[in-house]
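Here is the structure we will look at.
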Amino acid sequence: MTPPTPTLVTRRLVLSSPVMGDAPAFARWLGDFEVARMTAVIPHPYTLADAEAYIRGDPSRRVHNWTIRLDGEPIGVIGLVEKPPKLVFGYWLARPFWGRGLATEAGRAVLDHAFAALPFPEISACVFKDNPASLKVLEKLGFSDNFDCTGGSLARGEGQWPTWNVSLRRPTPPTP
Ligand SMILES: CC(C)(COP(=O)(O)OP(=O)(O)OC[C@H]1O[C@@H](n2cnc3c(N)ncnc32)[C@H](O)[C@@H]1OP(=O)(O)O)[C@@H](O)C(=O)NCCC(=O)NCCS
(Lines give C-alpha, C1' and ligand atoms only; values in the text may rest on other atoms or scores of the structure.)
Protein backbone atom coordinates (compact mmCIF):
# COMPACT_ATOMS: atom_id res chain seq x y z
CA MET A 1 0.00 0.00 0.00
CA THR A 2 1.26 3.52 -0.64
CA PRO A 3 -0.01 5.70 2.22
CA PRO A 4 0.56 9.43 1.83
CA THR A 5 3.98 10.41 3.09
CA PRO A 6 4.89 13.77 4.62
CA THR A 7 6.62 16.12 2.20
CA LEU A 8 10.35 16.43 2.92
CA VAL A 9 12.30 19.43 1.65
CA THR A 10 16.07 19.41 1.16
CA ARG A 11 18.45 22.04 -0.21
CA ARG A 12 17.71 21.15 -3.86
CA LEU A 13 14.85 18.66 -3.74
CA VAL A 14 11.26 18.22 -2.71
CA LEU A 15 10.27 14.66 -1.75
CA SER A 16 6.52 14.05 -1.82
CA SER A 17 4.00 11.23 -2.23
CA PRO A 18 3.88 9.73 -5.72
CA VAL A 19 0.81 10.87 -7.68
CA MET A 20 -0.68 9.51 -10.89
CA GLY A 21 0.70 12.48 -12.81
CA ASP A 22 4.22 11.11 -12.13
CA ALA A 23 3.54 7.96 -14.16
CA PRO A 24 4.77 9.20 -17.59
CA ALA A 25 8.07 10.37 -16.06
CA PHE A 26 8.51 7.09 -14.16
CA ALA A 27 7.83 5.11 -17.35
CA ARG A 28 10.32 7.22 -19.29
CA TRP A 29 13.15 7.09 -16.76
CA LEU A 30 12.64 3.46 -15.69
CA GLY A 31 12.59 2.39 -19.33
CA ASP A 32 16.37 2.92 -19.13
CA PHE A 33 17.90 -0.55 -18.66
CA GLU A 34 20.87 1.00 -16.81
CA VAL A 35 18.46 2.10 -14.08
CA ALA A 36 16.19 -0.97 -14.06
CA ARG A 37 19.02 -3.53 -13.97
CA MET A 38 20.31 -2.13 -10.68
CA THR A 39 16.98 -2.82 -8.98
CA ALA A 40 15.29 -6.03 -7.85
CA VAL A 41 11.70 -5.30 -8.77
CA ILE A 42 11.63 -3.09 -11.88
CA PRO A 43 11.01 -5.12 -15.06
CA HIS A 44 12.47 -4.29 -18.48
CA PRO A 45 10.84 -3.04 -20.60
CA TYR A 46 8.89 -0.85 -18.17
CA THR A 47 5.53 0.51 -19.35
CA LEU A 48 3.18 3.33 -18.41
CA ALA A 49 0.81 0.65 -17.04
CA ASP A 50 3.65 -0.62 -14.79
CA ALA A 51 4.17 2.91 -13.47
CA GLU A 52 0.46 3.42 -12.85
CA ALA A 53 0.20 0.07 -11.00
CA TYR A 54 3.20 1.03 -8.86
CA ILE A 55 1.62 4.38 -7.96
CA ARG A 56 -1.73 2.72 -7.10
CA GLY A 57 0.24 0.56 -4.66
CA ASP A 58 0.20 -3.03 -3.47
CA PRO A 59 -2.21 -3.51 -0.53
CA SER A 60 -0.14 -6.46 0.74
CA ARG A 61 2.93 -4.27 1.44
CA ARG A 62 3.42 -1.45 3.95
CA VAL A 63 5.62 1.09 2.20
CA HIS A 64 6.67 4.73 2.60
CA ASN A 65 7.51 6.16 -0.83
CA TRP A 66 8.47 9.57 -2.10
CA THR A 67 8.83 10.97 -5.59
CA ILE A 68 12.11 12.88 -5.83
CA ARG A 69 11.33 16.24 -7.45
CA LEU A 70 13.87 18.70 -8.83
CA ASP A 71 12.45 22.05 -9.96
CA GLY A 72 9.02 20.41 -9.67
CA GLU A 73 9.86 17.56 -12.08
CA PRO A 74 9.81 13.88 -11.00
CA ILE A 75 13.35 12.52 -11.41
CA GLY A 76 13.29 9.44 -9.16
CA VAL A 77 11.79 7.58 -6.25
CA ILE A 78 13.05 6.78 -2.79
CA GLY A 79 11.32 4.67 -0.19
CA LEU A 80 11.16 2.24 2.68
CA VAL A 81 9.32 -1.09 2.90
CA GLU A 82 8.25 -2.33 6.31
CA LYS A 83 9.67 -5.81 6.95
CA PRO A 84 9.48 -6.03 10.75
CA PRO A 85 11.67 -5.73 12.71
CA LYS A 86 13.33 -3.53 10.09
CA LEU A 87 12.75 -1.20 7.16
CA VAL A 88 14.24 -1.93 3.74
CA PHE A 89 15.58 1.10 1.86
CA GLY A 90 15.50 1.55 -1.93
CA TYR A 91 15.80 4.31 -4.54
CA TRP A 92 16.45 5.14 -8.16
CA LEU A 93 17.31 8.36 -9.96
CA ALA A 94 16.95 9.16 -13.68
CA ARG A 95 20.30 8.84 -15.44
CA PRO A 96 20.67 12.52 -16.53
CA PHE A 97 20.73 13.48 -12.85
CA TRP A 98 23.40 11.05 -11.62
CA GLY A 99 26.65 12.31 -10.14
CA ARG A 100 25.38 15.46 -8.43
CA GLY A 101 24.91 14.12 -4.92
CA LEU A 102 21.13 14.08 -5.28
CA ALA A 103 20.53 10.48 -4.14
CA THR A 104 22.61 11.09 -1.03
CA GLU A 105 20.73 14.33 -0.34
CA ALA A 106 17.35 12.61 -0.69
CA GLY A 107 18.55 9.63 1.36
CA ARG A 108 19.59 11.77 4.31
CA ALA A 109 16.14 13.36 4.49
CA VAL A 110 14.34 10.01 4.29
CA LEU A 111 16.54 8.32 6.90
CA ASP A 112 16.21 11.25 9.30
CA HIS A 113 12.44 11.07 8.87
CA ALA A 114 12.39 7.28 9.32
CA PHE A 115 14.28 7.29 12.60
CA ALA A 116 12.25 10.25 13.89
CA ALA A 117 8.80 9.03 12.90
CA LEU A 118 8.78 5.25 12.40
CA PRO A 119 9.24 2.66 15.17
CA PHE A 120 11.98 0.57 13.54
CA PRO A 121 15.46 0.24 15.07
CA GLU A 122 17.19 -0.82 11.85
CA ILE A 123 17.16 -0.04 8.12
CA SER A 124 18.74 -2.41 5.62
CA ALA A 125 19.55 -2.24 1.93
CA CYS A 126 20.71 -4.67 -0.69
CA VAL A 127 22.97 -3.56 -3.56
CA PHE A 128 24.31 -5.54 -6.51
CA LYS A 129 28.08 -5.79 -6.37
CA ASP A 130 28.32 -4.29 -9.87
CA ASN A 131 26.70 -1.08 -8.58
CA PRO A 132 29.52 0.81 -6.83
CA ALA A 133 27.70 4.15 -7.10
CA SER A 134 24.84 2.89 -4.94
CA LEU A 135 27.18 1.25 -2.42
CA LYS A 136 28.94 4.63 -2.17
CA VAL A 137 25.61 6.38 -1.52
CA LEU A 138 24.81 3.89 1.24
CA GLU A 139 28.26 4.28 2.81
CA LYS A 140 27.93 8.09 2.73
CA LEU A 141 24.60 7.67 4.52
CA GLY A 142 26.27 5.61 7.26
CA PHE A 143 25.31 2.06 6.25
CA SER A 144 27.86 -0.62 7.11
CA ASP A 145 28.10 -4.27 8.21
CA ASN A 146 28.32 -5.48 4.63
CA PHE A 147 27.69 -9.15 4.18
CA ASP A 148 27.68 -11.22 1.02
CA CYS A 149 24.35 -12.30 -0.39
CA THR A 150 22.64 -12.84 -3.73
CA GLY A 151 19.51 -11.32 -5.20
CA GLY A 152 17.25 -11.51 -8.21
CA SER A 153 16.44 -8.74 -10.67
CA LEU A 154 13.34 -8.71 -12.87
CA ALA A 155 15.17 -6.59 -15.47
CA ARG A 156 18.18 -8.92 -15.64
CA GLY A 157 15.96 -11.98 -15.85
CA GLU A 158 16.43 -15.45 -14.40
CA GLY A 159 19.21 -15.98 -11.92
CA GLN A 160 20.76 -14.63 -8.78
CA TRP A 161 23.48 -11.97 -8.70
CA PRO A 162 26.01 -11.23 -5.98
CA THR A 163 24.96 -8.45 -3.63
CA TRP A 164 26.13 -6.59 -0.60
CA ASN A 165 23.57 -6.35 2.18
CA VAL A 166 24.16 -3.38 4.46
CA SER A 167 22.40 -1.95 7.47
CA LEU A 168 22.07 1.14 9.58
CA ARG A 169 20.90 1.20 13.18
CA ARG A 170 18.95 4.00 14.82
CA PRO A 171 21.51 6.45 16.23
CA THR A 172 21.69 6.37 20.02
CA PRO A 173 21.10 9.78 21.61
CA PRO A 174 24.12 11.20 23.44
CA THR A 175 24.04 10.44 27.19
CA PRO A 176 23.53 13.57 29.30
C1 LIG B 1 22.66 4.73 -7.37
C2 LIG B 1 22.12 6.11 -7.77
C3 LIG B 1 20.80 6.36 -7.07
C4 LIG B 1 23.15 7.15 -7.35
O5 LIG B 1 22.61 8.44 -7.55
P6 LIG B 1 23.55 9.76 -7.52
O7 LIG B 1 22.66 10.91 -7.28
O8 LIG B 1 24.41 9.76 -8.73
O9 LIG B 1 24.44 9.46 -6.23
P10 LIG B 1 25.36 10.52 -5.48
O11 LIG B 1 25.84 11.53 -6.48
O12 LIG B 1 24.64 10.99 -4.27
O13 LIG B 1 26.58 9.60 -4.99
C14 LIG B 1 27.19 8.69 -5.91
C15 LIG B 1 28.59 8.40 -5.42
O16 LIG B 1 29.08 7.25 -6.13
C17 LIG B 1 30.31 7.57 -6.74
N18 LIG B 1 30.39 6.77 -7.94
C19 LIG B 1 29.70 6.91 -9.09
N20 LIG B 1 30.06 5.95 -9.96
C21 LIG B 1 30.99 5.19 -9.33
C22 LIG B 1 31.75 4.06 -9.71
N23 LIG B 1 31.59 3.49 -10.92
N24 LIG B 1 32.62 3.53 -8.82
C25 LIG B 1 32.77 4.08 -7.58
N26 LIG B 1 32.06 5.17 -7.17
C27 LIG B 1 31.20 5.71 -8.04
C28 LIG B 1 30.23 9.05 -7.00
O29 LIG B 1 31.52 9.61 -7.19
C30 LIG B 1 29.57 9.53 -5.70
O31 LIG B 1 30.48 9.55 -4.63
P32 LIG B 1 31.17 10.95 -4.12
O33 LIG B 1 30.05 11.84 -3.67
O34 LIG B 1 32.05 10.51 -3.00
O35 LIG B 1 31.91 11.50 -5.32
C36 LIG B 1 21.89 6.20 -9.30
O37 LIG B 1 23.10 5.87 -9.95
C38 LIG B 1 20.81 5.24 -9.79
O39 LIG B 1 19.63 5.56 -9.73
N40 LIG B 1 21.21 4.07 -10.29
C41 LIG B 1 20.27 3.08 -10.83
C42 LIG B 1 19.29 2.55 -9.78
C43 LIG B 1 20.01 2.09 -8.52
O44 LIG B 1 21.17 1.72 -8.54
N45 LIG B 1 19.27 2.11 -7.40
C46 LIG B 1 19.82 1.64 -6.14
C47 LIG B 1 19.68 0.18 -6.01
S48 LIG B 1 20.52 -0.43 -4.55
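Residues in the range 99-124 that are in contact with a strand residue (DSSP E or B) (Cβ under 7 Å, 6 or more places away or on another chain), in contact (Cβ under 8 Å) with a residue 40 or more places away in the chain and under 24 Å from residue 70 (Cα atoms): 102, 105, 106, 109, 110, 111, 113, 114.
Could you tell me whether the range 82-105 includes any residue that is in contact with a His (Cβ under 6 Å, 6 or more places away or on another chain) and either more than 12 Å from the ligand (Cβ to nearest atom) or at positive phi (or both)? Give the steps one after another, and end with the answer.
The first filter runs over the range 82-105 and keeps only residues in contact with a His (Cβ under 6 Å, 6 or more places away or on another chain), leaving none.
Taking every residue of the range 82-105 in turn, none turns out to be in contact with a His (Cβ under 6 Å, 6 or more places away or on another chain) and either more than 12 Å from the ligand (Cβ to nearest atom) or at positive phi (or both).
Consider residue 134 carefully, then state whether it is among the polar types (S, T, N, Q), assigned to a helix (DSSP H, G or I) and under 16 Å from the mean Cα position of the chain (by Cα). Before the answer, list the steps.
On the way: among the polar types (S, T, N, Q): yes; assigned to a helix (DSSP H, G or I): yes; under 16 Å from the mean Cα position of the chain (by Cα): yes.
So residue 134 fits the description; yes.
From 115, 147, grab the single residue that is more than 8 Å from the ligand (Cβ to nearest atom) and at pLDDT below 95. It would help to see each step written out before you state the result.
Details: 115 fails: at pLDDT below 95.
Result of the check over 115, 147: 147.
Within the range 3-10, at least one residue is outside any helix (DSSP H, G or I), at pLDDT below 95 and more than 25 Å from residue 100 (Cβ to Cβ).
Any idea which residue in the range 61-75 is farthest from the ligand (Cβ to nearest atom), counting only those that are in contact with a helix residue (DSSP H, G or I) (Cβ under 8 Å, 6 or more places away or on another chain) and not aromatic (Phe, Trp, Tyr)?
Filtering first and then ranking leaves 64.
Of all residues in the range 11-60, those satisfying the criterion of being surrounded by fewer than 17 Cβ atoms within 10 Å (Cβ to Cβ), within 13 Å of the ligand (Cβ to nearest atom) and within 16 Å of the chain's Cα centre (by Cα) are 34, 40, 41. Being away from the ligand (no atom under 12 Å from the Cβ) and among the polar types (S, T, N, Q) is the requirement here; does residue 165 meet it? For residue 165, the condition - away from the ligand (no atom under 12 Å from the Cβ) and among the polar types (S, T, N, Q) - is not met.
Does the range 167-176 hold any residues that are surrounded by 10 or more Cβ atoms within 10 Å (Cβ to Cβ) and at pLDDT below 90, and which are they? Result: 171, single match. Across the range 118-132, not a single residue is classified as within 6 Å of the ligand (Cβ to nearest atom) and over 20 Å from residue 42 (Cα atoms). Within the range 141-166, track down each residue that is farther than 22 Å from residue 34 by Cα and surrounded by fewer than 17 Cβ atoms within 10 Å (Cβ to Cβ). 142, 144, 145, 146, 147, 148 - these are the residues of the range 141-166 that are farther than 22 Å from residue 34 by Cα and surrounded by fewer than 17 Cβ atoms within 10 Å (Cβ to Cβ).
The values are calculated or read from the model by the stated rules, or taken from the named source; none is laboratory data. Since the model is a prediction, treat every value here as computed from it, not as a measurement. Note that each Cβ is placed from the backbone with ideal geometry, even for glycine, and that neighbours are counted across all protein chains shown.
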